[in-house]
Amino acid sequence: MALEHAILVSLSERAASGSDLVRRFDASIGFFWSATHQQIYRVLSRMEGDGWVSAEAVPQADRPTKKVYAVTDAGRAELARWIGEPTTPDAMRSSVGIKMRGASYGDRAALLDDLRRQLDEHTKRLSLYEFMAARDFPDPGALTGAELDIHLVLRGGLLMEEFWIRWLTEYIDAHTTAGTTAGDTEENR
């Protein structure tokens, strides 16, 4: 997936300025596809040049005029083309998984501390997703169309955070119970 497609999805939901898009990425889309502010603005400019989005200048009181972007017919066609094309399953690439596998060859105590920190972050993110689901989708069975799509992506986020919490907890608990430490070798395991 290219950042362009994430932006097209967001702008299809609602026209926005560059700063509005940045906030959306920070609040929702960025949980699944991250981008820096500079990347978003650079790609918006390129998409405007390619005719996928158009920009309307909107004056603001006591602030510079802002550009509000909307998807054009060409942008909608590109998004439909991309959505219809087969997707290769995402391969899991996890540096933490490699560290967990190799912990016997390094400082396991430091890794366990880092895993506890990550567990805390995933627990907080799960709480945020649960809050968003309860606030935004109190009756998921009644959802259809775009609202159902958004809800199901949020469900995917919930499931992913539950996965991370279970995996990290299992690893931390197993090593806490076993009392393993740094310098464990193949012979000692």
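Within segment 7-56, the set of residues being among the aromatic types (Phe, Trp, Tyr) and either in the same structural domain as Glu161 (by TED's automatic domain parsing) or within 16 Å of the chain's Cα centre (by Cα) (or both) comprises Phe25, Phe31, Phe32, Trp33.
Residues that are charged (D, E, K, R) number at least 3 in the following helices (runs of 4 or more DSSP H) confined to segment 1-104: 18-27, 37-50, 73-84. Reported count of residues in segment 105-138, each being loosely packed, with under 12 Cβ neighbours inside 10 Å and either in contact (Cβ under 8 Å) with a residue 24 or more places away in the chain or assigned to a loop (DSSP other than H, G, I, E, B) (or both), is 1. Of all residues in segment 147-170, at least one satisfies being more than 25 Å from Ser12 (Cβ to Cβ), free of Cβ contacts under 8 Å to residues at least 60 places away in the same chain and β-branched (Val, Ile, Thr).
The values are calculated or read from the model by the stated rules, or taken from the named source; none is laboratory data. Quick caveat: nothing in here was measured; it's all calculated off a predicted structure. Positions of Cβ are backbone-derived with ideal geometry, glycine not excepted, and every protein chain shown enters the neighbour counts.
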